Amino acid sequence: MHAPEDDPVRVAWADEQFALYGASVSLWQKNLVRVVQPANGERPDLVEATDEGRTALA
């Protein structure tokens, strides 16, 4: 059985997923990470920190 689309738990989960996607895109746009293997339908993009990303973490 699936939860209704307006179920508060489902809505919260979807909001969290969109926030995570947004954070991932933001890191990529700032050149802090690069995709080493694109998503394949079973797992998300595999990324690694760029030199700029490692510097930002230091």
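Regarding region 4-22, can at least one residue be identified that is in contact (Cβ under 8 Å) with a residue 24 or more places away in the chain and open to solvent by 60 Å² or more (accessible area, probe 1.4 Å)? If you could, list the steps in order and put the result at the bottom.
Just the residues of region 4-22 that are in contact (Cβ under 8 Å) with a residue 24 or more places away in the chain, to begin with: none.
Within region 4-22, none of the residues are in contact (Cβ under 8 Å) with a residue 24 or more places away in the chain and open to solvent by 60 Å² or more (accessible area, probe 1.4 Å).
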Original post:
Any idea which residue in region 1-22 is modelled with the lowest pLDDT, counting only those that are among the charged types (D, E, K, R) and part of a helix (DSSP H, G or I)?
Top reply: 10
**OP:** Report, by residue number, each residue of region 23-58 that is part of a loop (DSSP other than H, G, I, E, B) and surrounded by fewer than 13 Cβ atoms within 10 Å (Cβ to Cβ).
**Re:** 30, 31, 38, 39, 40, 41, 42, 43, 58
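The values are calculated or read from the model by the stated rules, or taken from the named source; none is laboratory data. Treat the numbers as computed from the prediction; the structure is a model and nothing was measured. Because the Cβ atoms are built from the backbone with ideal geometry, glycine has one as well, and the counts that use them run over all protein chains shown. Note: areas computed on protein heavy atoms with side chains; ligands, DNA, RNA excluded. Shrake-Rupley method; radii C 1.70, N 1.55, O 1.52, S 1.80 Å.
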